[in-house]
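Take a look at the structure set out below.
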Amino acid sequence: MSHEVFTDTWAEVWAEELAASTPYREAATKWEGSLALVLTADTVTSERAVFIDLWHGQCRMARSASREDLEQADFLIRSDLATWKRVLDNDLDPMFGLMSGKLQLTRGSLAKLTPYLTASRELVKAAARVDSIFPDETP
Amino acid sequence: MTASDETTREYQTTSPRGLDYTLPPMRLWRKAKKIGIWNPEDIDFSQDIEDWRKLSDVERDSLLHLTSLFQAGEESVTLDLLPLIQVIAAEGRLEEEMFLTAFLWEEAKHVELFRRFLDEVANDHSDLARFHGPNYRTIFYQELPRAMSRLTTDSSPAAQARASVTYNMIVEGVLAETGYFSYHATLARNGILPGMQQAVSHLKSDEARHLAYGVFLLSRLVAEGGDDLWRQIEERMAALLGPAIGVITDFFDAYDPMPFGLELEEFTEFATRQFQSRIQRIERARHQTLEEICQHVDAT
């Protein structure tokens, strides 16, 4: 079943994928902090975001982000629809995305993310396993 | 020379074509002749020797560690550049080859400079490979030599792009330029090793020209090779960014607290800023002509 990206149900399935991912758990044993991914508005879609709270390899919370979630997330990454599609198709490496500016880290620093490079990649791989549908693909 | 060679070879500089001084590599060549002529033997290390004696053990260890990364890195880029020069020469790109001769000469001077520092300032003759961790070995013992030596059997645009991404964008861009920027800032902030500060200023200037050539080369390859080549460049960068960033974090993980007030943030912010600006210029080449690239590549 397809889930529209960054909705509550999409976030729940992402959390299930993370819980089932041994590589993620092993890579994220020291990760403490929350992450919000923001899909910026364009002519097709309004802005939407997903919030995920991560703690030592466990996903403690995953949901469509509220305003409070966006204010308190340790890391905030923003990008447009085309870029998120590439990320969730496993077509754009997250570290390359951040270094090249295709993914904009608007809160948190790359220095704090770099120790979790493998965990970040596993996070993205888990998200890519969610059967996703994008705003411009909804019937 | 065979009879066949005599009939097929043409000399550019005795033809109406002459030399194209507007090409970015030619502008870089002219700059190299003016500001790249410093002599490693002229660097005065006398105060550095005094300063070194006053450093704590952990401060000396961290500087030896950094120097070992720079030293082997410079040796590697000196040893590994030749196949690219041969490919460029075989394609008849005389202006590029002329700059690459300065490029290689400058890398050799960097090797001499760091060895002088180890011999005369640190007075260290131990095996410094102990500082080369797994990420460093991935880049400098495997990926760089392999990507460059592959050019001896495969001179395709894809192989050239793979070599240039590894050499220019990752080794020189993410690692050397970032390392020298932070190293120089640290020495200046702490008011130590004035000879090395002067030398690193020269290194930064040299590396800026090398990187400008790398951006030009990759932009030219992308303009000629289109989206397929760009995708290969992107994939190669994605594959190497992990170990490259790992080289930086491995160094910081080795010290707690970190001597001299060195901060990981300073390294990563500078590396990201520089990487972003270059990668965006190379990506733009997908929609540019060679003439447009020649106008836009900054001959630093």
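No value in this document is a laboratory result; all are computed from the given coordinates. Here the structure is a predicted model, which means the values were calculated and not measured. Don't worry about glycine lacking a Cβ; one is built from the backbone with ideal geometry, like all the others, and counts go over all protein chains shown.
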What's the whole-number percent of alpha carbon pairs in the protein assembly as shown lying beyond 42 angstrom?
23 percent
Backbone HN-Hα couplings from phi across the range B:170-183 [Karplus 6.51/-1.76/1.60, Hz, Gly and Pro as x]
8, 5, 7, x, 6, 9, 5, 4, 5, x, 5, 4, 6, 4
Report the equivalent ellipsoid semi-axes for the range B:45-296 in whole Å, largest first, defined as the square roots of five times the eigenvalues of the gyration tensor built from alpha carbon atoms.
33, 18, 17
Roughly speaking, what is the centre-to-centre gap between the range B:222-273 and the range B:61-86 when only Cα atoms are used, to the nearest Å?
17 Å
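If you keep only loop residues by DSSP, which trypsin sites (Lys or Arg not before Pro) in the range A:1-75 have at most 15 other Cβ atoms within 10 Å of their Cβ?
Taking the range A:1-75 and a limit of 15 other Cβ atoms within 10 Å, the loop trypsin sites (Lys or Arg not before Pro) found are A:Lys30.
Could you give the length gained by full extension between B:Leu82 and B:Ala254, i.e. 0.36 nm per residue of separation minus their alpha carbon distance, to one decimal place? Write down the numbers at each step before the final one.
Numbers: separation 172, 0.36 × 172 = 61.92 nm, distance 3.40 nm.
The span from B:Leu82 to B:Ala254 would gain 58.5 nm if fully extended.
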Approximate spin-label separation B:Ala89-A:Ser66, in nm, with each point projected 7 Å along Cα-to-Cβ
6.9 nm
Rounded to a whole number of µm²/s, how large is the Stokes-Einstein D of the range A:3-129 at 4 °C and 1.567 mPa s, given Rh as the Kirkwood radius over C-alpha pairs?
90 µm²/s
Consider a paramagnetic label point 7 Å from the Cα of B:Ser156 along Cα→Cβ; state which residues of the range B:230-245 have an amide N under 14 Å from it.
B:230-233
For the protein assembly as shown, percent of DSSP beta bridges that are antiparallel (nearest 5) comes out at 70 percent
Scoring only Lys, Arg, Asp and Glu (+1, +1, -1, -1) among other residues with Cβ under 15 Å from the Cβ of B:Gln86 yields -3
Explain nothing, just the number: relative contact order of chain B, from Cα pairs under 8 Å at least 6 residues apart, as a whole percent.
26 percent
With each run of n ≥ 4 DSSP H residues scored as -39500 (n - 2.57), what mean residue ellipticity at 222 nm is computed for chain B after dividing by its residue count and rounding to the nearest 500 deg cm²/dmol?
-22000 deg cm²/dmol
In a shell of Cβ-Cβ distance under 15 Å around A:Asp136, excluding A:Asp136 itself, what net charge do Lys and Arg (+1) and Asp and Glu (-1) give?
-3
Using a Cα distance threshold of under 23 Å, what count of lysine pairs results for the protein assembly as shown when pairs must be 8 or more residues apart or interchain?
14
So for the range A:3-129: antiparallel DSSP bridges make up what percent, rounded to the nearest 5?
75 percent
